[in-house]
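Below is one structure, written out as structure tokens, with a few remarks after it.
The values are calculated or read from the model by the stated rules, or taken from the named source; none is laboratory data. As the structure is a prediction and not an experimental result, all values here were calculated from the model. Quick reminder, even Gly has a Cβ in these numbers, built from the backbone with ideal geometry, and neighbours come from all protein chains shown. Surface areas here come from the heavy atoms of the whole protein model, side chains and all, with no ligands, DNA or RNA. Shrake-Rupley method; radii C 1.70, N 1.55, O 1.52, S 1.80 Å.
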Amino acid sequence: MKSFRADYVFPIFADPIKNGIVTVDDQGKIISVTDHNNPPDGPIEQLSGVISPGFINTHCHVELSHLKDKITPGKGLINFIKDIQASRKADDKQIAEAIQKADEEMYANGIVAVGDIANSNSSIPVKVASKLYYHTFVETFGFLPQNAQAIFDKAMELMREFKPQPCSITPHAPYSVSKELFKLIRKHSDAEPNLISIHNQECEDENKFYRYKLGDFLDLYEHFGIDISHFKPQARNSLQSIIPLLTNRQQVLLVHNTCTNLKDIYFIKRFDRKINWCFCPKANLYIENHLPKIPLFIDQGFNITLGTDSLASNDSLCILSEMRTIQKKFPTISTAKLLEWATVNGASFLGIDDEKGTLEPGKTPGLNLITGLDGLKITPESKVKRLV
């Protein structure tokens with residue numbers, strides 16, 4: 001049994017506790033969370049900083065970890081996609097070692113659970129042995145209607161390789177999945193549990209393509225030799241076009257949302273869909289040098305989570321770094337709010353909030369110590385240390 005006392009303890013489900021004390025058993029299960037007026041028996045380790053639950057990274061691509069520092073930043077999403085496809089092939093050993101290192105990095109950075117995108121089985125060995133909880137999203141690509149069934153069947157085969165680990169089939173993005181493939185995924189999602197995680201509106205050209213069938217995506221399809229003569233302009237943004245194609249029986253995570261606007265948010269509210277938002281700000285800056293208008297999403301009644309994206313689009317896999325980036329750009333967003341996004345909201349989306357996300361007796365959420373704060377503001381000197 002161990003007890004830790006810090007300047008503040010953030011249980012997340014309740015108000016922060018000044019001079020709070022957290023006691024855990026040898027397996028990391030929370031025994032009690034109290035203040036200094038009701039100390040537990042036994043020794044108490046005194047710490048400087050804030051104690052929070054372990055972080056939940058709801059969007060990552062560990063199988064792209066070997067691409068760290070290999071994709072030139074700031075060239076925009078279209079060029080990023082081209083560079084990823086040109087560079088992602090590598091020696092199996094190199095890929096495996098990079099995945100292992102990424103897993104260890106997330107563990108060291110206080111992450112306890114990950115929503116991870118997979119296009120291959122390369123991450124299975126690491127996930128089976130990992131100390132982290134993984135939900136794998138087996139991603140589908142296919143903009144040609146005639147290929148929908150074959151792509152879906154292949155994804156089902158890959159998902160079977162990941163089982164019995166938590167996993168599901170998901171569309172990649174509006175611009176890379178045909179209406180026919182969307183419908184197959186919806187039919188599957190309506191029949192059995194199948195969490196969805198979809199890249200959404202990462203650049204303005206995505207909306208331009210859906211509205212007018214114009215912009216740089218035309219060059220992207222030509223580059224990959226994809227005939228898009230079947231696609232007709234939708235006269236609305238990509239998000240508004242695909243929402244009716246998504247299941248209303250599963251939780252849906254919309255990731256990035258760099259160019260999502262208030263009209264899109266209001267449009268979603270008219271539909272019976274279980275929408276969650278995920279922000280990966282450092283990846284947005286790396287790829288597009290542009291951040292979502294995050295304040296638009298607050299207090300709209302939706303669950304907000306945080307992700308790191310991949311090491312192809314980030315210099316680290318660290319949720320605290322993502323929180324720092326958001327608070328630097330939007331200083332009115334409090335650390336308390338960011339910690340909700342980084343913990344219980346992610347746990348809720350992944351369906352593991354019975355064990356993770358809050359400091360409640362009986363749970364095993366992990367314990368993080370955040371130091372280097374200015375009051376309760378995150379600074380460039382802020383660091384995270386895993387306590388449990």
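As an exercise: evaluate ILE226 against (1) touching a residue at least 60 places away in the same chain (Cβ under 8 Å); (2) over 18 Å from ASN284 (Cβ atoms); (3) part of a helix (DSSP H, G or I) and give the number of the one condition it does not meet.
Among (1) touching a residue at least 60 places away in the same chain (Cβ under 8 Å); (2) over 18 Å from ASN284 (Cβ atoms); (3) part of a helix (DSSP H, G or I), the lone unmet condition for ILE226 is (3).
Any idea how many residues of the range 283-323 are closer than 19 Å to PHE55 by Cβ, not polar (S, T, N, Q) and not in a loop (DSSP other than H, G, I, E, B)?
Adding up the residues that qualify gives 8.
Please count how many residues of the range 229-258 are part of a strand (DSSP E or B) and either hydroxyl-bearing (Ser, Thr, Tyr) or open to solvent by 50 Å² or more (accessible area, probe 1.4 Å) (or both).
1
Among the residues of the range 15-38, which ones are touching a residue at least 40 places away in the same chain (Cβ under 8 Å) and not in a strand (DSSP E or B)?
If the condition is that a residue be touching a residue at least 40 places away in the same chain (Cβ under 8 Å) and not in a strand (DSSP E or B), then PRO16, GLN27, GLY28, LYS29 are the ones that fit.
Collect the residues in the range 353-363 that are under 13 Å from VAL9 (Cβ atoms) and open to solvent by less than 20 Å² (accessible area, probe 1.4 Å), keeping them in residue-number order.
THR358, LEU359
Go through the range 316-335 and count every residue that is of a type outside the set (D, E, K, R) and either touching a His at 6+ places or on another chain (Cβ under 6 Å) or open to solvent by 40 Å² or more (accessible area, probe 1.4 Å) (or both).
Residues flagged as of a type outside the set (D, E, K, R) and either touching a His at 6+ places or on another chain (Cβ under 6 Å) or open to solvent by 40 Å² or more (accessible area, probe 1.4 Å) (or both) within the range 316-335 amount to 3.
Can you run down the residue pairs with Cβ atoms below 9 Å, 6 or more apart or on separate chains, where the first is in the range 364-385 and open to solvent by 50 Å² or more (accessible area, probe 1.4 Å) and the partner is among the small types (Gly, Ala, Ser) and not in a loop (DSSP other than H, G, I, E, B)?
If the second residue must be among the small types (Gly, Ala, Ser) and not in a loop (DSSP other than H, G, I, E, B), the pairs left are LEU376/ALA336; LYS385/ALA108.
Every residue in the range 272-291 that is farther than 21 Å from LEU350 by Cβ and in contact with a His (Cβ under 7 Å, 6 or more places away or on another chain), please.
ASN284, the sole residue that qualifies.
Take ILE12 and tell me if it is in contact with a helix residue (DSSP H, G or I) (Cβ under 6 Å, 6 or more places away or on another chain), closer than 30 Å to GLY215 by Cα and not in a strand (DSSP E or B).
Answer is no for this residue.
Taking into account only those residues within the range 271-282 that are modelled with pLDDT of 95 or more and more than 16 Å from PHE182 (Cβ to Cβ), which is surrounded by the most Cβ atoms within 10 Å (Cβ to Cβ)?
Ranking the candidates gives CYS280 first.
Of all residues in the range 1-42, how many are touching an Asp or Glu at 6+ places or on another chain (Cβ under 8 Å) and not hydroxyl-bearing (Ser, Thr, Tyr)?
15
Any residue at all in the range 324-337 that is within 20 Å of ALA113 (Cα to Cα) and either in a loop (DSSP other than H, G, I, E, B) or free of Cβ contacts under 8 Å to residues at least 12 places away in the same chain (or both)?
No, the range 324-337 contains no residue that is within 20 Å of ALA113 (Cα to Cα) and either in a loop (DSSP other than H, G, I, E, B) or free of Cβ contacts under 8 Å to residues at least 12 places away in the same chain (or both).
Residue-wise test of (1) open to solvent by 70 Å² or more (accessible area, probe 1.4 Å); (2) out of contact with any strand residue (DSSP E or B) (no Cβ under 9 Å at 6 or more places or on another chain); (3) of a type in the set (A, V, I, L, M); (4) under 21 Å from SER238 (Cα atoms).
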{"site": "PRO145", "(1), (2), (3), (4)": "no, yes, no, yes"}
{"site": "ALA148", "(1), (2), (3), (4)": "no, no, yes, yes"}
{"site": "ILE151", "(1), (2), (3), (4)": "no, no, yes, no"}
{"site": "LYS154", "(1), (2), (3), (4)": "yes, no, no, no"}
{"site": "GLU157", "(1), (2), (3), (4)": "yes, yes, no, no"}
{"site": "PRO164", "(1), (2), (3), (4)": "yes, yes, no, no"}
{"site": "HIS172", "(1), (2), (3), (4)": "no, no, no, yes"}
{"site": "SER178", "(1), (2), (3), (4)": "no, no, no, yes"}
{"site": "LYS183", "(1), (2), (3), (4)": "yes, yes, no, yes"}
